[in-house]
């Protein structure tokens, strides 16, 4: 599983980090995974947290990519 956070959609609501702080971090008010093109690997033990945080994003900026 991989995750991508769209920089043009992330509004810094921080709900991803509120429900899944073990995976999502906030840096300068935005999701630390915000990147123009990067796709980040999700460790197997963090998959549930990654999905939980993505579901809470009000802007749907977090995209889960299944391998």
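Here, each number is a calculation from the coordinates, and none is a lab measurement. What you are looking at is a predicted structure, and each value in this text was computed from that prediction instead of being measured. Using ideal geometry, Cβ is built from the backbone for each residue, glycine included, and neighbour counts are taken over all protein chains shown.
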Classify the chain as rounded, prolate or oblate from the Cα gyration tensor: take a ≥ b ≥ c as the square roots of its eigenvalues, call it rounded if a/c is under 1.5, otherwise prolate when a/b beats b/c and oblate if not.
-> oblate
How far, in nm, would the chain grow between residue 25 and residue 64 when pulled straight, counting 0.36 nm per residue and subtracting the alpha carbon separation?
-> 12.4 nm
Spin-label pair residue 38/residue 1, simplified geometry with 7 Å Cα→Cβ offset, distance in nm = 2.0 nm
Compute the label zone of residue 8 within the range 24-48: residues whose backbone N is under 13 Å from the point 7 Å along Cα-to-Cβ.
-> 36-37
Just from its helices, what would the mean residue ellipticity at 222 nm be for the chain, if runs of 4 or more DSSP H residues each count -39500 (n - 2.57) and the sum is divided by every residue, rounded to the nearest 500 deg cm²/dmol?
-> -6000 deg cm²/dmol
